[in-house]
Each structure stands twice: as structure tokens, then as C-alpha cells.
Amino acid sequence: MLGEDSESISREAPGATENLDHKAIDFTQFESDVVLEDWVSKYSLTELVRSPVFFYFPIDVLTPVHPVGKGRTNITLIMPTIVQTDSAPSYAGFDRTVNTSRAPAVSVHFDPSAYGITATSGYVFTFSIAAVGTATFDASGYAGPGAVVNPGPKTITGQQTISIVVANVPPAPLYVALTQTAGTAFTWYSTSINHPPLVFQP
């Protein structure tokens, strides 16, 4: 869903996407903010997921053309300057110099039980974002009796992903959000909802 001032999405703000060739976007080239070594050193598998099931595919991938998942799962876009649904890929552009009454943000509400999840588990929300230059965000969320593992400032330059990790979450609704606090215009393409990767150590 869209945040207030949604009428502004019908025009493209200067600078929001002028330096981005959306048709040439290759998501496999987006730099990840969490590498394999991070999962080993920062995140304990036993803390993130208690289920013994192996997961290989995303639970869901939310985009401008797929903003609503199962149950209460959905994307909320706050203060976008454009939402383009007829392009490939679809995208939402944000420019905080145009919409100054509230900080731009992308948030995800996730309803685990709607996907048949019944166990306490951990999740990784991966936002695919491209900034015209450098942009800084505040990562936040609510995980009930669980925890948001890596809240706080996140800075990207160019095409990157930002991951928000939650741990020990019961199968009840939760949310995570990225709110821009500084920097240039940026484009959001998708948010993938996943179980944490399995890392085997000798």
C-alpha cells in the first residue's frame, strides 16, 4: 500500500531516477550487505531458526506489481515520487528533496502463519535498492518476543541490497522498515523474505 501524499506518485521528480537505466538493471550484480563470513561471525543459526527444515527458496518476493502477499503480508511505500508498474522491472522512486514533510520509507508487514509456518523461526528481509549516489537508511522493526538482530544505520552507494534480520519470531505478524535519513534519491525494486541461509562449519 502507499503512504500519504500518494497523489505525488504520478509525476517523476528530478533526480529520482534520471541516472538509472532500469531496463539494464541486473539484480545478480547488486552488492550484498551481508556476506558468508557475516553469517558465520555475526549470526548464530541456532538463534535465527529453530526448525530443522531446509529452505532453498524465498518465502515471498514483494515488488510494486506484487505488493500484497498472503494473509496480512504487504509492502507500504511512504512518500514515493513515482511508482512505475509497467516497466521491467517495476520500481518505486523516492526523492527526499521533493517530499519534505516525511522521510521516505519502505516497510514490510509479514504474516508467517499465512504461509503455513507454525514454528518459532528467523527471517531475512532483503531490500534491493539503487541510489543515484550515496543514501543512508535507518533499519528498524517489530518482532514481538523475538528480536531485530541488526537495526540501525545502513549506507549504500549505487546498486546494493540491505538485509534486516529477525530472530526467534513466533508465527505472528511482524514488520521491518527502511527509512531514509540522508543522501540522494533512491529506487526500490523488491524485498525478498527468506529463512536464514544454512552455514555448515567443519
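Quick notes on this one:
- Residue within region 35-46 that is closer than 17 Å to Y189 by Cα and modelled with pLDDT under 95 present: no
- Pair list, Cβ under 6 Å, 6 or more apart: region 115-127 residue closer than 16 Å to G71 by Cβ, other residue small (G, A, S) and modelled with pLDDT under 90: S121/S51
- Selection within region 128-149: residues that are in contact (Cβ under 8 Å) with a residue 60 or more places away in the chain and either β-branched (V, I, T) or not in a strand (DSSP E or B) (or both). The member of this set that is nearest to P58 (Cα to Cα) is I129.
- Out of S140, S190, sole residue that is in contact with a strand residue (DSSP E or B) (Cβ under 9 Å, 6 or more places away or on another chain), among the polar types (S, T, N, Q) and surrounded by 21 or more Cβ atoms within 10 Å (Cβ to Cβ): S190
- For first residues located in region 93-107 and farther than 14 Å from F137 by Cα, partners that are of a type in the set (A, V, I, L, M) and in a strand (DSSP E or B) and lie 6+ apart or on another chain with Cβ distances below 8 Å form the pairs G93/I82; G93/V83.
- Residue match in region 171-186 (condition: part of a loop (DSSP other than H, G, I, E, B), among the hydrophobic types (A, V, I, L, M, F, W, C) and at pLDDT 90 or above): yes
The values are calculated or read from the model by the stated rules, or taken from the named source; none is laboratory data. As the structure is a prediction and not an experimental result, all values here were calculated from the model. Positions of Cβ are backbone-derived with ideal geometry, glycine not excepted, and every protein chain shown enters the neighbour counts.
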